[in-house]
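Here the structure is laid out as structure tokens; the discussion comes afterwards.
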Amino acid sequence: MQTIFSQIIINIFLFLLIVEIILSILDRVIVNILKKEKSRSIQAIFPELSKEELKFRRESLASYYKINSNNSFRIKIGYFFMIVLLIAIVATTICAFSDNYSGICFGLAALFISMGMISLSAPTYQNAQAFWKKYLIENPDNPLKFVLLPDKKDLKYVKFSTINSYFRIFCGLYSLLVAIMLFQQNL
């Protein structure tokens with residue numbers, strides 16, 4: 001009975017791992033599509049700007065937002081979880097080479113939870129939009145050449161990303177359960 005239960009838990013774990021990989025790939029594809037669409041829209045609005053000027057504009061907007069928004073605590077939390085993510089990757093890799101299955105699952109738990117927390121600790125879309133609307137009101141001459149683009153697709157992506165983040169945390173907690181189970185069996 002114990003081994004059948006263990007097999008079911010491991011099979012569910014592998015299924016969740018595969019689903020998370022598919023969702024992560026889908027997430028990257030959606031982000032790339034949205035970036036290309038926004039890039040084309042910006043190039044249509046500012047056709048006189050060269051690629052270098054567009055890159056400088058993008059970097060200027062990111063720097064301005066980072067300096068002037070009040071999201072420094074969220075950004076610091078994100079950096080903390082990035083460090084946890086790197087440590088988890090290294091620990092999982094070391095455990096994989098030493099056939100320590102419970103260590104691999106502990107590492108995957110830390111990996112999934114940190115990936116979910118990085119996404120959730122990012123500044124919210126609504127706060128960013130409010131920040132840029134305020135910027136446009138305060139700076140009617142718009143020296144940074146910021147443009148508010150239609151956000152229906154962005155809102156759908158934000159919803160998908162939030163659900164994916166919670167799913168990652170769930171996968172992390174499930175990995176932790178599997179790791180504890182394997183640790184108790186000395187695997």
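The values are calculated or read from the model by the stated rules, or taken from the named source; none is laboratory data. On a predicted model such as this, the values are computed, not experimentally measured, just so you know. Counting neighbours? That spans all protein chains shown, and the Cβs are built from the backbone with ideal geometry, glycine included. All accessible areas refer to the heavy atoms of the entire protein, side chains included, with ligands and DNA or RNA removed. Shrake-Rupley method; radii C 1.70, N 1.55, O 1.52, S 1.80 Å.
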What residue among 110, 96, 62 shows peak mean-square fluctuation when the chain is described by a Gaussian network model with Cα springs under 10 Å? 62
Between the residues 135, 62, 84, the Cα farthest towards the positive end of the dipole of the stretch 1-158, that dipole coming from +1 and -1 charges on the beta-carbon of Lys, Arg, Asp and Glu, is from 135
Alpha-carbon centroids, the stretch 67-97 and the stretch 10-25: separation in whole Å: 21
Taking the Cα centre of the chain as origin, work out the dipole magnitude from +1 charges on Lys and Arg Cβ and -1 charges on Asp and Glu Cβ, in debye rounded to 20. 520
Expressed as an acute angle from 0 to 90° and rounded to the nearest 10, what is the orientation of the C-alpha long axis of helix 152-184 relative to the principal long axis of the chain? 20
Using helices alone, what [θ] at 222 nm do you get for the chain, with -39,500 (n - 2.57) per DSSP H run of 4 or more residues, divided over all residues and rounded to the nearest 500? -29500 deg cm²/dmol
What residues from the stretch 160-187 fall in the zone where the backbone N is under 15 Å from a label point 7 Å along the Cα-to-C-beta line of residue 18? none
Under a GNM of the chain (C-alpha, springs under 10 Å), which listed residue has the highest mean-square fluctuation: 118, 94, 104? 94
Quick check on my link table: of 36/76; 51/76; 35/66; 35/133; 36/152, which ones sit more than 26 Å apart, alpha carbon to alpha carbon? 36/76; 51/76
Treating the angle as unsigned and between 0 and 90°, give the value, to the nearest 10°, between the Cα long axis of helix 101-121 and the longest Cα principal axis of the chain. 20
How far apart, in nanometres, would the label points at residue 79 and residue 51 be if each is projected 7 angstrom from Cα along the Cα-to-Cβ direction? 3.2
Using Cα springs under 10 Å in a Gaussian network model of the chain, which residue among 23, 149, 111 shows the largest mean-square fluctuation? 149
How large, in percent, is the carbon and sulfur part of the accessible surface of the stretch 134-187 at a probe radius of 1.4 Å? 67
With Cα atoms, 0 to 90° folded angle of helix 72-97 axis to the chain main axis: 40
Two decimals is fine: what's Rg over Rh for the stretch 1-60, C-alpha atoms, Kirkwood radius as Rh? 1.46
